[in-house]
Structure formats: C-alpha cells, structure tokens
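Below: the structure, in structure tokens.
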Amino acid sequence: MSSQIYDCIVIGAGIQGSCTAYYHAKNNKKTLLLEQFFLPHSRGSSHGQTRIIRKAYQQDFYLRMMEESYKLWAELERDAGVQLYRCTGLLVMGPEDGQYYSAVKDVLQRNKVPTVMLKREEFNQHIPNFNLVSGENALVDTSAGVLYADKALDSLQRLFQSHGGVIKDGEKVTGIKPGPVVTVTTASGAYQAKSLVITAGPWTNTLLSHTGMALPLKVEKINVCYWREKVPGSYDVHNRFPCFSRQDGPEVDQIIYGLPSNEYPGLMKVCYHIGKETDPDARDNQTDQSDIQVLQRFVARCMPGLVPVPAVVESCLYTLTPDNHFVLDCHPTYSNIIIGAGFSGHGFKFGPVIGKILYELSTGQVPSHNLSPFKITRFQTPKSAL
Ligand SMILES: Cc1cc2nc3c(=O)[nH]c(=O)nc-3n(C[C@H](O)[C@H](O)[C@H](O)COP(=O)(O)OP(=O)(O)OC[C@H]3O[C@@H](n4cnc5c(N)ncnc54)[C@H](O)[C@@H]3O)c2cc1C
Ligand SMILES: O=C(O)[C@@H]1CCCCN1
C-alpha cells in the first residue's frame with residue numbers, strides 16, 4: 001500500500017469524475033483519479049465529439065445550475081486555451097399544450113432566458129430543410145449550442161494534472177473499505193484517502209456493492225446515428241443550422257434530438273432518447289434497432305434533405321434513475337463517500353457545476369445549489385404510517 005494519504009480519490013474519469021478531480025486539485029487537494037480503462041476510451045457515457053448545452057429545461061433547478069455551468073465552461077475554455085463551446089441555438093418543437101414544449105417554454109420565459117418564438121409562416125426562413133409537424137410550435141433557446149466533448153475531457157484531465165493531480169488509468173477499482181480513511185484497491189495496489197467520490201457512470205452499482213448499497217439505476221444503450229446530407233452543407237454548423245429536440249409521442253421522454261453536421265462533415269447527428277437495457281460490459285450484445293426505425297420515420301417526414309438511412313451508427317450508454325434526475329449525495333452510511341450518478345442522458349453540460357458540487361460535498365462545505373431533487377432518500381418507499 002502506498003504510504004500517502006490523499007485528500008480525495010475519485011473513481012471514474014468520465015466527464016463527472018474529471019470535473020470533480022479538477023476542482024479538488026484546483027483547490028490544492030491531493031487528488032487521485034482512477035480509471036478502469038486506458039484513456040481516452042469509448043465504453044462509457046462521455047466519449048464522442050459533441051454534446052448539446054442548453055438552458056431549455058422543464059425545471060427551474062436545472063436552469064439555475066446551467067446559469068453557473070455556462071460561466072464555468074467559459075472559465076475552463078480560458079484556462080485550457082481550447083474552444084469547448086459553439087453557440088448554435090436549440091430549436092425546441094412540440095404541440096403547444098404538450099407537456100415537454102409547454103414546460104420548457106414556461107421555464108425559459110419565467111426566467112427571461114433569451115428565446116425566439118418562431119411563427120409557423122416564418123419557420124422555414126429561419127430553419128430551412130425542415131418540416132415543422134402540423135399542430136406543433138417552435139422556439140429557439142438562442143444561447144444553446146454544442147460542447148466539444150472529447151476536447152473537454154482531455155482539457156480537464158490536462159488541467160487536473162497541471163494542478164498536481166494524479167491520474168492512474170487502466171486501473172479498475174475492485175474493492176472499497178470504508179472508514180475515516182477510505183481504502184481503495186485495484187489490481188496494482190491499494191490507495192487511501194480522507195474522502196472518496198464515486199463517479200463510475202454505468203458501473204456505479206458494481207462499486208456501491210462494496211459499500212453495502214445499491215441505487216435504482218438502469219443502463220441503456222443508445223444508437224448514436226449520423227445521417228448523410230443529400231446536398232452537402234444543408235444542415236451544417238457553419239451554415240448556422242441549430243441543434244434541435246422534439247417530443248415524438250405522448251411520453252415526455254420520447255425525445256428525438258439532433259446536432260448540426262460538424263464532427264463528420266456532411267453527416268448530421270440525429271438520435272432517439274430511449275434505448276434498450278444493457279449490461280455495460282456486454283454493450284455490443286444489445287443489438288435492438290427499434291429506435292432507428294423511429295428515427296427513419298422522423299427523418300423521412302421532417303428532414304427531407306437527409307438520406308433516411310443512417311450512414312454511421314456508434315454506441316453510448318445512459319445511466320437512468322426512475323425520475324431522470326441525478327444522484328448528487330453522500331453515502332447514507334459513510335459520510336465521506338460521495339456519489340455522483342444517474343445522469344440519465346443529460347449530464348454532460350452540467351459537468352463543471354457537478355464537479356464543483358461533488359467537491360463541496362467531499363470537503364464538507366455547504367453545497368452551492370439546492371440538492372433536494374438529487375437526494376438518495378427520494379428512492380425510499382414511504383414508511384407505513386402504522
Ligand atoms: C448518446 C448520448 C447522447 C448524450 N447527449 C447529451 C447531450 O447532448 N448533452 C448532455 O448534457 N448530456 C448528454 N449525454 C449524457 C452525458 O454524456 C452523460 O450524462 C455523461 O457523460 C455521464 O458522465 P459520467 O462521468 O457520469 O459517466 P462515464 O462517462 O461513463 O464515466 C464513468 C467512468 O467510470 C469508469 N469506471 C467505472 N467503474 C470503474 C472502476 N471499477 N474502476 C475505475 N474506473 C471505473 C468508467 O470506465 C468510466 O470512464 C448523452 C449521453 C449519450 C450516451
Ligand atoms: O442533454 C441534452 O441536451 C440531450 C437532449 C436530448 C436527449 C439527450 N440529451
């Protein structure tokens with residue numbers, strides 16, 4: 001066992017663990033970041049080139065967190081000297097009285113977020129090559145855009161190391177021994193720290209089993225589909241085509257979303273927010289393609305400038321909680337073990353603010369956001385009144 005006692009060990013170098021480790025090191029905490037795979041890797045949830053950043057949420061508490069997250073992303077861009085955000089706007093569509101569209105519109109308007117309401121008759125002047133479904137309305141969250149995900153991860157891990165942080169990749173954590181000083185074991189050794197942060201994405205419950213608890217998490221595989229432009233440039237980020245999201249059915253999570261052609265020139269990313277359950281260690285055995293059928297119907301109907309068969313399909317994992325809200329909390333038994341999990345397919349944009357919150361929890365500070373929506377106790381069934 002190494003004789004050094006770290007202030008904090010962070011397990012998992014996805015976006016959340018990398019941000020958490022970074023805020024520890026930036027605040028002069030001796031920090032070790034352990035990652036099971038050699039970096040970079042594409043087996044969790046944080047790989048790939050792009051993610052959407054937006055304030056268009058159905059809940060005020062996410063909007064509050066995003067207001068800070070935008071500022072922290074801008075600080076990171078400055079510190080890293082790398083562009084991580086590109087403003088494109090986010091087109092939100094749905095029936096005026098549909099739960100998703102109306103809730104997003106209310107939150108944006110109530111909080112005076114810069115928003116453009118698009119009238120049907122002028123829709124195609126602003127958004128060419130797109131058919132707005134009859135009976136649906138559209139608005140644009142104008143400060144939304146794209147985050148360069150792989151550059152963000154690389155920048156954070158580099159900044160973490162420049163502040164003295166230690167990354168050990170290719171080191172899978174196989175044991176956790178709780179206590180006032182926590183001991184973590186890997187195949188190569190044992191490490192100790194005053195606090196432990198678990199940000200293990202789809203593998204969270206495997207790690208929590210060493211601490212005698214489990215969370216109600218479900219892991220889904222998402223087919224990340226790219227579609228070819230019939231006329232090159234029609235949906236290109238350089239031609240100011242926006243990101244979009246649209247509720248495609250009665251359920252609020254039946255979201256189809258897209259990002260303009262960017263990382264693969266001539267290919268637009270359009271995906272379905274609902275995947276199929278999978279074991280994270282056997283992701284490629286999940287071969288269901290029913291989501292691709294939903295997307296093909298949508299592309300044929302609404303995006304006539306795309307070939308309605310995906311040209312490239314990649315894979316990514318979601319780790320979902322029952323209510324799709326995150327888990328940001330201390331372990332119920334061991335207060336120096338902190339859990340950041342269940343980012344439910346929308347956590348990347350919050351990375352810096354989540355890293356800051358998990359740092360605050362791990363160092364015993366009062367968190368700078370209200371964490372009641374993210375508490376573990378919300379999953380406990382109410383006790384009988386008898
Ligand atoms: C297709 C897709 C589209 C998305 N789109 C958006 C979007 O547009 N906007 C947005 O904000 N969010 C989006 N998300 C969600 C976002 O990407 C995730 O919420 C985020 O990446 C989760 O990060 P994480 O750090 O929790 O998990 P991960 O990235 O999975 O990181 C966990 C890490 O822990 C490591 N680990 C696990 N077990 C161990 C162990 N025993 N020992 C050591 N290391 C371990 C894993 O190898 C992994 O690297 C999307 C996700 C997907 C899949
Ligand atoms: O977090 C996001 O912004 C996207 C929205 C659509 C579903 C996937 N995640």
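Could you order His163, His24, His238 so the one with the most accessible surface comes first? Probe is 1.4 Å. Display every interim value, and only then the final one.
Values: His163 85, His24 0, His238 130 Å².
Ranked from most to least accessible, the order is His238, His163, His24.
The mean of 1/r over all pairs of different alpha-carbon atoms in segment 10-160, once inverted, gives a Kirkwood hydrodynamic radius of 17.4 Å. In this view, the solvent-accessible surface of Leu39, computed with a 1.4 Å probe and all protein chains in place, comes to about 50 Å². Which one, Gly249, Ala200, Val146, projects farthest toward the positive side of the charge dipole computed for segment 123-262 from Cβ point charges (K/R +1, D/E -1)? Going by the charge dipole, the pick is Ala200. Return the FRET efficiency for the residue pair Thr333, Arg64: r is the Cβ-Cβ distance, R0 is 35 Å, and the value is rounded to the nearest 0.05. Here the calculated transfer efficiency is 0.70.
Please check the chain for the longest run free of GluC sites (Glu not before Pro) that are loop-located per DSSP (anything but H, G, I, E, B) and have at most 15 other Cβ atoms within 10 Å. The answer is 97-250.
Calculated mean residue ellipticity, 222 nm, the chain: -7500 deg cm²/dmol, from DSSP H runs (n ≥ 4) at -39500 (n - 2.57) each, averaged per residue and rounded to 500.
Taking 0.36 nm per residue of separation and subtracting the Cα-Cα distance, full extension of the segment from Asn131 to Gln49 would add 26.8 nm. Summing Lys and Arg as +1 and Asp and Glu as -1 over all other residues whose Cβ lies under 15 Å from the Cβ of Leu39 gives a net charge of 0. Under 19 Å from a label point set 7 Å out along the Cα-to-Cβ vector of Arg120, the amide N atoms of segment 243-284 belong to 246-249.
First select every other residue whose beta carbon is under 15 angstrom from the beta carbon of Val307; then total the charges, Lys and Arg +1, Asp and Glu -1. Net of charged neighbours comes to +4. Principal axis extents of the C-alpha atoms in the chain (largest first, rounded to whole Å): 68, 55, 41. Cβ-Cβ distance of Lys112 and Phe37, R₀ of 56 Å, FRET efficiency by 1/(1 + (r/R0)^6): the value works out to about 0.85.
Taking R0 as 25 Å, what FRET efficiency do you get between Ser372 and Glu251 from their Cβ-Cβ distance, rounded to the nearest 0.05?
Numbers: r = 25 Å, r/R0 = 1.01.
Step by step, r from the Cβ atoms, then E = 0.50.
Taking a 1.4 Å probe, which of Ile5, Ile256 shows the most accessible area, and what order do the others take after it? Spell out each step's value before the answer.
Values: Ile5 65, Ile256 0 Å².
Descending accessible area places them as Ile5, Ile256.
Relative contact order of segment 12-132, please, whole-number percent, based on alpha carbon pairs below 8 angstrom and at least 6 residues apart. Working shown, then result.
On the way: 69 pairs, mean separation 23.4, N = 121.
For segment 12-132, the relative contact order is 19 percent.
Accessible surface computed residue by residue for the chain, with neighbouring protein chains in place and a 1.4 Å probe, gives 42 Å² per residue.
To one decimal place, what orientation-averaged projected area in nm² is obtained for the convex hull of the Cα set of segment 162-269?
About 11.6 nm², averaged over all directions.
When you filter the trypsin sites (Lys or Arg not before Pro) in segment 350-379 for DSSP loop state and at most 16 other Cβ atoms inside 10 Å of their Cβ, you are left with Lys375. What do you get for the angle between helix 290-302 and the principal long axis of the chain? Use alpha-carbon atoms, 0 to 90 degrees, nearest ten. The helix 290-302 is inclined about 40 degrees to the chain.
Pairs from the table (Lys218/Lys269; Lys29/Lys375; Lys26/Lys269; Lys105/Lys230) lying more than 27 angstrom apart at Cα are Lys26/Lys269; Lys105/Lys230.
Local charge sum around His369 (other residues, Cβ-Cβ under 12 Å, Lys/Arg +1, Asp/Glu -1)?
Spelling it out: positives minus negatives among the neighbours equals -2.
Taking label points 7 Å from Cα along the Cα-to-Cβ direction, Arg86 and Asp169 give a separation of 2.4 nm. Given their separation in residues at 0.36 nm each and the Cα-Cα distance between them, Tyr264 and Asp236 gain 9.1 nm when the chain is fully extended.
For Lys356, a cut-off of 15 angstrom between C-alpha atoms picks up these aspartates and glutamates, skipping any fewer than 8 places away in its own chain: Glu67, Glu68, Glu75, Asp329.
The values are calculated or read from the model by the stated rules, or taken from the named source; none is laboratory data. If you're wondering where the values come from, they're calculated on a predicted model, not measured in any experiment. For neighbour counting, all protein chains shown are included, and Cβ atoms are generated from backbone atoms with ideal geometry for every residue, glycine included. What goes into the accessible areas is simple: the full protein's heavy atoms, side chains included, and nothing from ligands, DNA or RNA. Shrake-Rupley method; radii C 1.70, N 1.55, O 1.52, S 1.80 Å.
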